[in-house]
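The values are calculated or read from the model by the stated rules, or taken from the named source; none is laboratory data. All figures in this text were calculated on a predicted structure; none of them were measured in a lab. For neighbour counting, all protein chains shown are included, and Cβ atoms are generated from backbone atoms with ideal geometry for every residue, glycine included. For accessibility, only protein heavy atoms count, side chains too; no ligands or nucleic acids. Shrake-Rupley method; radii C 1.70, N 1.55, O 1.52, S 1.80 Å.
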Amino acid sequence: VSLLFHTAWENAEVWRAALRDALDGEAVEPLEGGGEADVAVVWNAPPRAFAAVPRLKLVCSLGAGVDHLLSLSPVLPGDIRFSRLVDPVMAERMALHVLAVVLRRHRNLDLFERQQRDRHWRRLFHDDAADTTVAVLGQGSLGRPVAAALAAAGFKVVGWARSPRTDLSWPVYSGMDGLHEAVAGAAFVVAVLPLTAETRSILSAPLFAMMRPGAYLVNVGRGEQMVARDLLDALDAGRLSGAALDAFESEPLPPESPLWSRREILITPHVASLSNPATGARAIAAEICRFRSEGILRNEVFCDRQY
Ligand code: GLV
């Protein structure tokens, strides 16, 4: 058996070796070559690369995001299944990234760094975490650990998800009606959402109008979820106090983007939760083995709900 593989990431060779090891030496071949493989493991593969893979049954994502897989589904045979990468290491990376950017703003570290540049000594005060609400939009395999880490740090956490859930130790609002309730009292709104028709452009003027004046936005999902013009307007109007953004509609973020020069905005170059080859390859291998032996996927992506 062999596995087909495609990514333009700089660590492609590390991934390829890790997948081979995790699958007991199975050959890992370039997707472009086609072949008899039943499984492809990809990130942003061009649809035409699948033309010569007649036996393909499963496509696995090298990352947590699956918008790149869903964009393939219209051109692939309808019975091909899709799987996302769920890895506790990525969950921890995401949780710590969000905790870091929330604490940076909450504890005024951004302002102290600016003051230090001017040798300016001025005490600033902050609310206690217990009096500070963070709304976490998205309660999936990354949103839940983010919420848990914030709760463990002492913040009041509320969640928002597509469908209701009551199995978590923080309240979770759901549906478009619940969005207002979720964000209205929050000092921080953190978006950890998959890109779907419903979440595209969700971080825009209507949501900003629901948020508490002076609230801070964190987006670690997809750039297409945010309307940059609306964010800039909300900052200008003082509706929002700032934002930490990790994902952009166009990456790398073009030098001419007005987001770069706003000091209330922290820009990170899509690093919040990088996939980790060693543990990620083991998680993908386990999913492939389950699929091959029992036809079961633990982390299946459903085209109708788009995640
Ligand atoms: C990164 O954006 C990912 O989806 O894993």
Response to the item:
Subset of segment 101-133, residues acidic (Asp, Glu), surrounded by 10 or more Cβ atoms within 10 Å (Cβ to Cβ) and not in a helix (DSSP H, G or I), comes to ASP127
Item to complete: Determine whether segment 52-72 contains at least one residue that is surrounded by fewer than 17 Cβ atoms within 10 Å (Cβ to Cβ) and within 16 Å of the ligand (Cβ to nearest atom).
Response: yes
Worksheet entry | Selection from segment 294-303 of residues that are touching a residue at least 24 places away in the same chain (Cβ under 8 Å) and either touching a Gly at 6+ places or on another chain (Cβ under 7 Å) or not in a loop (DSSP other than H, G, I, E, B) (or both) | GLU300, VAL301
Item to complete: Give, as residue ranges, the strands (runs of 3 or more DSSP E) completely inside segment 14-62 that count at least 1 residues that are more than 26 Å from the chain's Cα centre (by Cα).
Response: 27-30
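Please specify each residue of segment 12-24 satisfying the condition of being closer than 17 Å to ASN44 by Cα and open to solvent by less than 70 Å² (accessible area, probe 1.4 Å).
Here is the first cut: in segment 12-24, the residues closer than 17 Å to ASN44 by Cα are 12-13, 15-16.
Correct list: ALA12, TRP15, ARG16.
Rundown of residues vs (1) at negative phi; (2) surrounded by 14 or more Cβ atoms within 10 Å (Cβ to Cβ), yes/no style:
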{"residue": "MET176", "(1), (2)": "yes, no"}
{"residue": "HIS180", "(1), (2)": "yes, yes"}
{"residue": "ALA187", "(1), (2)": "yes, yes"}
{"residue": "LEU193", "(1), (2)": "yes, yes"}
{"residue": "GLY214", "(1), (2)": "no, no"}
{"residue": "ASN219", "(1), (2)": "yes, yes"}
{"residue": "LEU231", "(1), (2)": "yes, yes"}
{"residue": "LEU235", "(1), (2)": "yes, yes"}
{"residue": "GLU251", "(1), (2)": "yes, no"}
Worksheet, complete the sentence: Inside segment 2-11, the number of residues satisfying the requirement of being open to solvent by 20 Å² or more (accessible area, probe 1.4 Å) and either touching a residue at least 60 places away in the same chain (Cβ under 8 Å) or not in a loop (DSSP other than H, G, I, E, B) (or both) is 3
Worksheet item: Scanning segment 73-91 for residues that are open to solvent by less than 60 Å² (accessible area, probe 1.4 Å) and among the small types (Gly, Ala, Ser), which turns out nearest to GLU29 (Cα to Cα)?
Response: SER83
Worksheet entry | Sole exception among (1) open to solvent by 20 Å² or more (accessible area, probe 1.4 Å); (2) of a type in the set (D, E, K, R); (3) within 16 Å of the ligand (Cβ to nearest atom); (4) closer than 23 Å to ARG144 by Cβ for ARG305, by number | (3)
Discussion item. Condition first: touching a Phe, Trp or Tyr at 6+ places or on another chain (Cβ under 7 Å) and part of a strand (DSSP E or B). Can you find one or more residues in segment 187-200 that meet it?
Written reply: yes
